[in-house]
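Comments concern the structure below.
We did not get these values from a lab; they are worked out from the coordinates using the rules stated. Note that the structure is predicted; figures quoted are calculated from it, not measured. As a convention, Cβ positions derive from the backbone with ideal geometry for all residues, glycine included, and neighbour counts pool all protein chains shown.
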Amino acid sequence: MSTVRVKTFIDVIELAPLKSGQGVTDHIVASMGAYREELRTLKEEARTAFQLRQIPGLEVKENMVLVCDTGRYKITRVKRKDDMYLEALVERD
C-alpha cells in the first residue's frame, strides 16, 4: 500500500436548492488549506481523503463537496481525528 500526501487549498461547498425548485447551486461555506491523501493498494481502487482543521460553528457533512486544484470531490464519510482535525473520505464528483 502506498500513500501520497499533498498540501492543497480547498473550498468546502454546500449544495443549496434553487428557489425555483429545479436543481441546486454551490454555496461556498469555507476556504482553507488541507492535506489530500491518495491511498493506493494493489487490489483496490485508489481512495482519496482530505485532512482539514475543524472550524468552530461549521459542521462538515456527507452532503457537501470539496473542490481543489485536482477536481471536485463528494464527501462520503467524515471522521473526527481529534479535537482540531477532521478526515473527509471522498469520491470524485
For segment 72-88, in residue order, the Karplus 3J(HN,Hα) values (coefficients 6.51, -1.76, 1.60; θ = phi - 60°; whole Hz; Gly and Pro = x) are 10, 10, 8, 6, 9, 7, 10, 10, 7, 7, 6, 5, 10, 10, 10, 10, 10
Here the relative contact order (percent) of the chain, from C-alpha pairs under 8 Å and at least 6 apart, is 26
The size of the Cβ-based charge dipole (Lys, Arg +1; Asp, Glu -1) of the chain about the Cα centre, to the nearest 20 debye, is 160
Check: in the chain the Lys pairs 8 or more apart or on separate chains whose Cα atoms fall under 20 Å apart number 6
Length gained if Ser31 through Arg5 is fully extended, taking 0.36 nm per residue and subtracting the Cα-Cα distance, is 7.4 nm
Along segment 26-35, Karplus-curve 3J(HN,Hα) (6.51, -1.76, 1.60; θ = phi - 60°) to the nearest Hz, with x for Gly and Pro, reads 7, 10, 6, 9, 6, 10, 6, x, 7, 9
Binned at 5 Å starting from 0, the alpha-carbon pair-distance distribution of the chain in whole percents comes out as 3, 13, 23, 26, 16, 9, 6, 3, 1, 0
